[in-house]
Each structure stands twice: as C-alpha cells, then as structure tokens.
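The values are calculated or read from the model by the stated rules, or taken from the named source; none is laboratory data. The shown structure was predicted, so the numbers you read here are calculated from the model rather than taken from an experiment. Don't worry about glycine lacking a Cβ; one is built from the backbone with ideal geometry, like all the others, and counts go over all protein chains shown. Heads up: the accessible areas ignore ligands, DNA and RNA and are worked out on the full protein's heavy atoms, side chains in. Shrake-Rupley method; radii C 1.70, N 1.55, O 1.52, S 1.80 Å.
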Amino acid sequence: MSTKIGFLGLGHMGAPMAANLVRAGFEVLAYDPVPAAQEQARADGATVVATAAEAAADRDVVITMLPNGKLVLDVYAELLAAAAPGTLFIDCSTIDVADAKEAAARAVSAGHRPLDAPVSGGVAGATAGTLTFMVGGAAEDFAQAREVLDVMGGKVVHCGAAGVGQAAKICNNMLLGISMIGLSEAMVLGESLGLSHQSFFDVVSTASGQSWALTSYCPVPGPVPASPANNDYRPGFATALMSKDLTLAANALQANGVHGELGTLAAAVYARFAESAADRDFSAIITEIRDNSTGPS
Ligand code: NAD
C-alpha cells in the first residue's frame, strides 16, 4: 500500500488498530509516550518514532486514538504544524462534539482535511478489524479515508459534517446507558416479584421491552452465555468508559438545550457507580441496583 500513515495513541484500541494497518501492508509511523505501548507497536511491525511531530511529517493520513478531547486539541497543535499541506487527519477518539468541531476547524485553517471517526466495537472489534466507524467531515475526504477505515472496521458510515460522527457515537451510547439501567431495574423488580431470569428473558426478548442490552449483553449470568455477567463482569465495556461517554452526552444535552432527563440521570448514575466500579463492565450496574434495594416494605 502506498498510503503512508502516522498513528498516535497505541493503547487498548489504538494498538490493535495500528497492527491491522501494518498487517494490511501500510507503512505506519507510530507514536505513544508510554514505553510499553511503543514496545508493542514495534512487535506489531510499526516504526516507532520519538515525537508526535515525527509521526505526522510526510504522511498521507494521520490517525489519532487518544483518551479525551483536551489531549486531541493539544496534540493537534503539534501535528497540524508538522504535517504536509492537505494531510488527511482522522481522529478516532471519543470526544466532545464541540472539541471535535474545534479540532476540525483548526485542521482546516492549517490547510489539512479533517474527519472525526469514533468507533464502536471495543477492543475485540479493534483486534478483529470489525469496528463500526461513525464519520463526520467532507464527503471527498470520507471517500479517501475508506481505504484505511475499511481495514480497521466492518462497517463505516458517513454521518454528516464535522462533529456529526461524534454525535452519532454519544447518541448511541446515551441510549445504551439508559437502556442498561432500565433493563437492570426491570430485572431486579422481576427478581423481587419471583420472576426467574430465564423467564424474564424468554418473555421480554420477544416482547416490546426487547433491547440489545438484553439479547446480546444480558446483565445477569445464564440467558446470554457470552455476556460479561457470566465472567464476573470483567469488561467488555468498562464502567469508566460508559461514564465518560454519558458525560459527553449530558454535556451535549445541556449545551444544545435538549430536555434530556434520562440522559442526564444516566450520566449521574454511572458517574457514581464509576467511583467504586470503574474497571467492571457497565452491565454490573444491576448489582448496585440490587444492593441498594431495601426489599418489601
Ligand atoms: P487507552 O488509555 O488504552 O489508550 C490511549 C493511549 O493514548 C495511551 O496508550 C496513551 O499513552 C496514549 N497517549 C496519551 N497521550 C498521548 C500523546 N500526546 N500522543 C500519543 N499518544 C498519547 O484508551 P483506549 O481504551 O485505547 O481508548 C482510546 C479512545 O477510544 C478513547 O477516546 C475511548 O473513549 C475510545 N473508545 C474506547 C473503547 C474501548 O473499549 N476501550 C471503545 C470505543 C471507543
């Protein structure tokens, strides 16, 4: 592949994504400040460089996979200055819509072509190259990005202008957080009324209360053998990450004057749960609901 890639942020997600690009034949310059991440990238066949700027100079595409929006904006200051004019910047981090728009505006001012392209699918999807990409930015830039996104993803959707990829991501995860809390409350209510988990599942999975949270990610052991509940709530999707995404959604609700009572409440519920259970799968929220239930009055 002649497209030259710079990849910044080689953590849980970025490392396997970069490895898939190397495997597909792209020449990848990789940067992460953490030595263990550098080691892994080297073992995966990327060329590790010593600074962020080096990973952006003389590249066709620069991909970032970083923890938060502030870091993306900070790193962009270095990258945008170092890159050749017209470089395609693809930010795959999950960040605030406002930060994504700001990053895109700064990239355009510096003569580059930005896309926001957050993902869903977790580490398993990143490793298997089956992530879903939700992309915001210009149609012609999206068309060019397909070459690399298709390697890392199974489904790639152009959602609209700059920032709209992030919008799709936080809308989806807000709905997921709300539905997991609602499902968990209903299951704990069912427990207290003598309804077995399997009977709950058999009815609700084909009734109007059906959801992905129930049929693919059931928060109790048994009905869906692959769900994290069967593995002592090891993630999966960690509560800390769900809390982060719900905070982004709650901020967007507020910033845009949307009357989102459940989205705001879900962010508060997961922020509190993350204080004691950051590393547990987010479906473990059912254990907190159960623990805080007082029983019949
Ligand atoms: P992570 O913390 O494992 O990785 C982030 C990496 O960025 C770290 O290796 C860190 O050293 C590196 N980094 C920090 N500063 C840097 C800099 N200046 N230059 C280059 N690298 C730098 O996080 P992750 O789980 O890989 O998540 C990355 C992003 O993907 C986040 O925005 C997260 O919300 C999103 N996301 C994660 C998942 C998941 O399941 N982990 C799923 C979907 C989306």
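Pairs of Cα atoms nearer than 8 Å and 6+ residues apart set the relative contact order; for the range 1-47 it is 42 percent.
If one computes the Cα centroid of the range 65-128 and of the range 132-211, what distance in Å separates the two points? First find each Cα centre; the distance between them is then 22 Å. Over the range 167-291, one equal point on each Cα, no solvent: what is log10 I(q)/I(0) by the Debye formula at q = 0.15, 0.16, 0.17 Å⁻¹? Evaluating at q = 0.15, 0.16, 0.17 Å⁻¹ gives log10 I(q)/I(0) of -0.66, -0.74, -0.83.
DSSP bridge analysis restricted to the chain gives an antiparallel fraction near 15%, rounded to the nearest 5. For the peptides 135-146, 161-172, 31-42, the ranking by mean Cβ contacts within 10 Å, running from highest to lowest, is 161-172, 135-146, 31-42.
Prolate is the label for the chain. Its Cα gyration tensor axes, ordered a ≥ b ≥ c, give a/c of at least 1.5 and a/b above b/c. Solvent-accessible surface (1.4 Å probe) assigned to residue 95 amounts to roughly 0 Å². Using C-alpha pairs below 8 Å separated by at least 6 residues, the relative contact order for the chain is 12 percent. Helix 69-82 and the longest principal axis of the C-alpha atoms of the chain enclose an angle of approximately 10°. Here the alpha carbons of the range 4-160 define both size measures, Rg and Dmax, at 13.7, 37 Å. For the range 137-265, averaging the sequence separation of C-alpha pairs within contact (under 8 Å, six or more residues apart) and dividing by the residue count gives a relative contact order of 20 percent.
Accessible area per residue for the chain in Å², computed with a 1.4 Å probe and the full protein assembly in place, what is it? About 45 Å² of surface per residue is accessible.
Given a 1.4 Å probe and every protein chain left where it sits, what share in percent of the accessible area of the chain is carbon and sulfur? Using a 1.4 Å probe with all protein chains present, the chain comes out at 58 percent carbon and sulfur. Scanning residues 5 or more positions from residue 62 or on other chains, those with amide H under 5 Å from its amide H are 6, 88, 89, 90, with H placed 1.01 Å from N in the peptide plane.
If you take all other residues with their beta carbon under 14 Å from the beta carbon of residue 36, and give Lys and Arg +1 and Asp and Glu -1, the sum is -2. Residues whose amide H lies under 5 Å from that of residue 48, counting only those 5 or more places away or on a different chain, are 30; hydrogens are built 1.01 Å from N in the peptide plane. For residue 132, the solvent-accessible surface with a 1.4 Å probe is about 40 Å², rounded to the nearest 10. Over the range 156-236, the hull volume per residue, using the convex hull of the C-alpha atoms, is 113 Å³.
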